[in-house]
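Please treat every number below as a calculation from the coordinates, not as lab data. Only a predicted model underlies this, so the values are computations on that prediction, with no experimental measurement involved. Reconstructed Cβ throughout: ideal geometry from the backbone, glycine too, with neighbour counts over all protein chains shown.
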Amino acid sequence: MTRLRIGYVGAGFMAQKVHLPNLGLIDEVELIALAEARPRLGEKVRDRFRIPHLYASHHELIADDRVQAVAVSADYALQGEIARDALAAGKDVFMEKPMAVSIDQADRLLEAERRTGARLMVGYMKRYDAGNELAKSYVDRYRASGELRAVTFVRNHGFCGDWVSGLDAPMEVTDEPKPPAPQQAPAWLPADQVGHYLGYLQQYAHNVNLVRWFLDAGDAVRVRQVDLDDDGFTGVVVLEVAGVRVVIESGQVSHYRWDEHTQVYFEHGWVKAWAPPLLLRNAPAEVEVYRAGEAQEFIRPLPRPAWSWSYKREMEHFVAAVRHGTPFRSSAEDTRTDVRLFEEIYRQHLGLGEG
């Protein structure tokens, strides 16, 4: 099978530090085009990564018939609009999470998928972490066998920290201003809450998405209680995920690593995964399994591959799924649920009732 010809939109931090280097390491990829509105930055990044074609806008890149699939990382709302344009042109798309900043924007993306048959994968890299895959395999095993009885509770704790971890990939910069981005948000959201909402959505979309995946919940999720501070970020949210109570603990701490873990409790034990700092390469989540009851044992199984980076593995998944026509693990239809939930969380936080 021929290599997948990908065009990348955006030449900012995530493009240069993460996605462009990873694409260059995947044998099945031919990175043939870059779109960047800042011309001098575009030239520098094109030269560094030896990308044959440079375009001033995503419209020009999408119009290039040689480009089979598009990857994009941009401002939260802007990347959704770029992804929709690419889908409308029949290109399969990889985009950073969240897929949208509102249900309205998410539904426009899904409609573009339906019209053309092109597909969108959202970059929830935690689903592609080898440690999280291992943790989920234990959760699946114990739910199916009943060895540890029923799932009783899930706790996700995310207080952040140093997410960059000294990543030393080169970064081209210029003094060119970033292009203006649309100031989209849910229509009902007060203007003074937009920044809080986007910050919370950007950070904790990962966490909500991960617990939904651990429990194979799909859209069977509702918001039970919200207790956030005035910053709209710090506090506790209680969800019901596939019939299980799930607590999302959010906040910040000046930690040199990354303070995040997810713990699935059964009647007779638990499965726990500690998240590595996001940009710490080749360090998957650590896993602990505790069997209570009569066994009373802890195990610390190692994922395979033991040294791997979730960001590279998610891009490998995208490439393989496009080339072979297989489903995306984090499809647009699935991840729409996250957008719905965050609107509901903020409605409750602000006391605005149901939509």
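Considering only Gln193, Gln79, Gln296, give the residue with the highest GNM mean-square fluctuation for the chain, with springs between Cα atoms whenever their separation is below 10 Å. Maximum fluctuation in the GNM of the chain, among the listed residues, is at Gln296.
Computed over the alpha carbons of the range 58-140, Rg followed by Dmax gives 14.4, 46 Å.
With a 10 Å Cβ neighbour count serving as the proxy for reagent exposure, in which order, fewest first, do Phe318, Phe298, Phe233 appear? Can you show the working numbers first?
Working: Phe318 27, Phe298 10, Phe233 17.
By the 10 Å Cβ count, ascending, the order reads Phe298, Phe233, Phe318.
Translational diffusion coefficient of the range 273-317 (Stokes-Einstein, Kirkwood radius from Cα pairs, 10 °C, 1.306 mPa s): 132 µm²/s. Between Glu147 and Glu354, residue separation times 0.36 nm minus the direct Cα-Cα distance comes to 70.6 nm. Just so you know, the Rg over Rh for the range 1-51 is 0.96, from Cα atoms, with Rh as the Kirkwood radius.
With Cα atoms as the point set, the range 22-80 shows a radius of gyration and Dmax of 11.5, 31 Å.
Please compute, over every Cα-Cα pair in the range 182-246, the percentage with a separation greater than 21 angstrom. Tail of P(r) above 21 Å: 31 percent of Cα pairs. Residues whose amide H falls under 5 Å from that of Gly123, counting only those 5 or more places apart or on a different chain, are Met95, Glu96, Lys97, with hydrogens built in the peptide plane.
For the pairs Lys97/Lys136; Lys44/Lys91; Lys272/Lys312, note any where the Cα-Cα span goes beyond 32 Å. Please report the intermediate quantities before stating the final value.
On the way: Lys97/Lys136 21 Å; Lys44/Lys91 26 Å; Lys272/Lys312 23 Å.
Exceeds cut-off: none, every pair is within range.
Summary of packing: across the peptides 33-44, 166-177, the per-residue average of other C-beta atoms within 10 Å ranks them, highest first, as 33-44, 166-177.
Label-to-label distance for Glu176 and Ala306 is 4.5 nm, based on points extended 7 Å past Cα in the beta-carbon direction. Both radii were evaluated on the Cα set of the range 66-207; the Rg over Rh quotient, with Rh as the Kirkwood radius, amounts to 1.03.
Quick one: net charge around Asn209, please, counting Lys, Arg +1 and Asp, Glu -1 for every other residue with C-beta under 14 Å from its C-beta.
Once positives and negatives cancel, what remains is -1.
Diffusion coefficient (Stokes-Einstein, Kirkwood radius over C-alpha pairs, 20 °C, 1.002 mPa s) for the chain: 102 µm²/s, rounded to a whole number.
Counting Lys and Arg as +1 and Asp and Glu as -1 over every other residue whose Cβ lies under 13 Å from the Cβ of Ala273, the net charge comes to +1.
Here the range 268-331 and the range 108-183 have alpha carbon centers that stand 11 Å from each other.
Run the numbers for Val238 and Ala187: contour at 0.36 nm per residue of separation, minus the present Cα-Cα distance, in nm.
Numbers: separation 51, 0.36 × 51 = 18.36 nm, distance 2.45 nm.
In short, 15.9 nm is gained.
Compactness of the range 240-355, taken as the C-alpha radius of gyration over 2.2 N^0.38 Å, stands at 1.35. The alpha carbons of the range 1-160 occupy a box of 58, 39, 33 Å along the principal axes, longest dimension given first.
Fewest-first ordering of Leu134, Leu25 by other beta carbons within 10 Å of each residue's beta carbon gives Leu25, Leu134.
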